[in-house]
There are 2 protein chains.
Amino acid sequence: MATQISQSTLKEKSQLLTPLNTQNLLDSVDAFLFDCDGVIWKGDSLIDGVSDTLDFLRSMGKKLVFVTNNSTKSRRQYAKKFHSVGISVSEDEIFSSSFAAAMYLKVNKFPKEKKVSLLEENVSLSSKLHTLNEEAMAAKPQVYVIGEEGILEELELAGFTPLGGPVGAVVVGLDQYINFYKLQYGTLCIRENPGCLFIATNRDAVGNLTDLQEWPGAGCMVGAICGTTQKDPIVVGKPSTFLMDFLLEKFNIPTSKMCMVGDRLDTDILFGQNSGCRTLLVFSGVTKESDLQDPSNQIHPEYMTTTLSDILHLANNKF
Amino acid sequence: MATQISQSTLKEKSQLLTPLNTQNLLDSVDAFLFDCDGVIWKGDSLIDGVSDTLDFLRSMGKKLVFVTNNSTKSRRQYAKKFHSVGISVSEDEIFSSSFAAAMYLKVNKFPKEKKVSLLEENVSLSSKLHTLNEEAMAAKPQVYVIGEEGILEELELAGFTPLGGPVGAVVVGLDQYINFYKLQYGTLCIRENPGCLFIATNRDAVGNLTDLQEWPGAGCMVGAICGTTQKDPIVVGKPSTFLMDFLLEKFNIPTSKMCMVGDRLDTDILFGQNSGCRTLLVFSGVTKESDLQDPSNQIHPEYMTTTLSDILHLANNKF
């Protein structure tokens with residue numbers, strides 16, 4: 001319930017969501033951008049009232065967009081997860097940091113791997129070997145991934161394959177199977193290959209990988225590689241606004257007519273602010289009211305409330 | 001050979017070791033402090049000429065001290081490694097970051113665990129359980145280690161055991177067996193236990209874990225925990241001067257009469273400079289001449305040479 005948030009938070013710049021400003025927000029915004037973990041679900045458990053709230057927003061003609069830093073899934077896998085919890089979302093509405101990593105390479109014209117075929121007919125072995133050798137010499141740089149399936153699937157969809165020449169880019173995301181040898185290989189690639197890109201899907205410290213427990217986020221793996229390479233990564237997920245270009249291309253709505261809803265100050269809310277969106281913080285994820293009030297915190301959303309479905313209840317004036 | 005180093009490095013503040021300044025250094029210094037990995041050995045291979053050089057320095061009456069950031073071994077295990085490569089070094093001459101971690105807890109009066117005994121005679125079960133409960137209530141905070149045997153052995157020698165109440169300190173060092181669950185537990189302890197200490201044995205980016213190959217150093221594991229907790233650790237190994245107090249207690253020599261010999265600028269040389277020692281950089285480990293010359297480098301040793309045995313040859317004017 002929104003009313004559980006103490007008035008002291010109001011001394012900061014953020015406004016508690018009320019029936020009046022909820023109505024104003026709904027009137028002035030054409031698209032809602034949602035973080036997923038901590039806003040839509042925790043682990044695999046849908047947060048109460050989310051489904052009805054999304055239906056309500058759709059019924060008002062609002063565009064819904066899902067912008068997630070969780071790189072373990074591709075957009076296709078995300079759409080499947082939405083479907084499995086009973087929410088209908090299309091792949092086009094999903095912008096994940098795994099997609100961002102693939103798009104970063106594409107936009108920056110990172111060479112795509114040519115496939116080496118061994119199946120040509122009527123070619124002598126020596127000319128086959130010659131061709132093979134030429135192909136190997138011309139091998140395009142490969143992408144090494146410290147992360148899970150989501151990144152690999154998005155890279156493949158964008159035409160990048162983990163075959164070929166020296167590693168030209170290391171993409172680091174959340175990896176539950178992290179180990180010393182993965183860290184070693186990623187470190188070597190970045191240190192030993194001149195110009196090798198170090199791309200981080202995101203730097204979230206922790207996340208609700210399971211519904212009852214926070215677990216290390218991609219910030220863990222990225223921090224490890226920063227520690228070994230003493231280099232800073234190119235961050236493509238939130239709070240980087242890199243994904244916003246793709247979002248604007250898909251939806252013809254100015255960012256001033258968008259509202260970013262998230263549970264993290266340093267990723268979701270900062271992304272919204274950096275992009276020129278309205279912002280709403282929910283306390284259903286990793287941020288506690290005390291984090292917002294902490295004197296060291298410099299990031300203050302425009303609005304805050306306990307959970308997403310407050311929008312529905314406040315719009316219907318049920319409090 | 002010292003003469004392989006180009007003159008361009010000389011434009012920086014460091015002097016190439018020569019017969020003349022080697023003699024001056026030997027005349028003005030009473031103790032040599034050595035880093036081990038990259039100076040004495042690489043992995044398990046002794047670097048050429050080290051044994052003769054140490055013998056030479058001992059024959060001149062110099063005190064020899066080994067100050068290492070490698071936390072995987074205790075002082076006892078280090079003495080054993082020295083012995084295995086044919087160098088006689090006593091435990092008293094070894095100051096490791098594993099020892100530093102234990103001493104940090106001791107100096108800061110971190111409570112030692114009381115042992116719970118179940119073997120008292122003539123005590124009823126209920127009073128046994130009562131005693132147990134009281135002991136549990138009074139349980140002293142435990143230390144959680146992300147690291148290897150060296151840290152555990154030094155903690156035990158200092159009287160700390162990994163039993164008892166809530167974790168009050170997390171010690172992070174080099175851990176080749178790092179995994180997601182260790183990182184999760186360390187993160188939880190630091191985030192969820194108010195006042196829990198986050199102690200790093202060191203933050204070395206890489207090291208010569210094997211003689212042919214650099215591997216991630218403790219900076220990898222420490223970076224991972226920084227990424228999840230968004231906190232900075234208390235560093236007890238080099239470049240922190242924490243170990244110097246223990247060294248001064250053992251050897252009654254002013255730091256101006258000590259020379260720190262190391263292969264890393266940001267740990268060894270900085271430690272020497274922070275402690276007021278003379279400094280000598282050797283290029284037999286992780287630092288290349290180009291690293292020293294890099295405009296981003298702010299750390300310049302007083303002297304530099306290719307390898308430790310240059311001291312012996314230069315003193316004997318064999319170049």
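Numbers for the structure displayed
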{"read-out": "Of all residues making up region B:269-305, the number that are outside any loop (DSSP other than H, G, I, E, B), of a type in the set (D, E, K, R) and closer than 24 Å to B:W215 by Cα", "value": "2"}
{"read-out": "Test: residue in region A:249-260 that is surrounded by 23 or more Cβ atoms within 10 Å (Cβ to Cβ), in the same structural domain as A:N108 (by TED's automatic domain parsing) and not in a helix (DSSP H, G or I)", "value": "no"}
{"read-out": "Residue in region A:217-248 that is surrounded by the most Cβ atoms within 10 Å (Cβ to Cβ), counting only those that are more than 13 Å from A:G173 (Cα to Cα) and touching a strand residue (DSSP E or B) at 6+ places or on another chain (Cβ under 7 Å)", "value": "A:T228"}
{"read-out": "Scope region B:18-33; condition part of a strand (DSSP E or B) and either surrounded by fewer than 23 Cβ atoms within 10 Å (Cβ to Cβ) or among the hydroxyl-bearing types (S, T, Y) (or both); matching residues", "value": "B:A31"}
{"read-out": "Condition met for A:K250 (within 13 Å of chain B (Cβ to nearest Cβ) and among the basic types (K, R))", "value": "no"}
{"read-out": "Out of B:T229, B:T241, sole residue that is within 14 Å of another protein chain (Cβ to nearest Cβ) and among the β-branched types (V, I, T)", "value": "B:T229"}
{"read-out": "Region B:141-191 - residue that is within 12 Å of another protein chain (Cβ to nearest Cβ) and assigned to a strand (DSSP E or B) and, of those, modelled with the highest pLDDT", "value": "B:V172"}
{"read-out": "Residues being away from every other protein chain (no Cβ under 11 Å) and not in a strand (DSSP E or B) - total across region A:203-225", "value": "2"}
{"read-out": "Residue selected from region A:34-87 under the condition part of a loop (DSSP other than H, G, I, E, B) and aliphatic (A, V, I, L, M), by the criterion surrounded by the most Cβ atoms within 10 Å (Cβ to Cβ)", "value": "A:I40"}
{"read-out": "Residue satisfying condition, being in contact (Cβ under 8 Å) with a residue 60 or more places away in the chain and part of a helix (DSSP H, G or I), within set A:L308, A:L243", "value": "A:L243"}
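For (1) under 21 Å from the mean Cα position of the chain (by Cα); (2) at pLDDT below 95, each residue gets a yes or a no:
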residue	(1), (2)
A:L54	yes, no
A:M60	no, no
A:V65	yes, no
A:N70	yes, yes
A:S74	yes, no
A:Y78	yes, no
A:I94	yes, no
A:K106	yes, yes
A:K114	no, yes
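The values are calculated or read from the model by the stated rules, or taken from the named source; none is laboratory data. Since the structure is predicted, the reported quantities are computational estimates derived from the model, not experimental observations. Every residue, glycine as well, gets a Cβ built from its backbone with ideal geometry; the counts of neighbours run over all protein chains shown.
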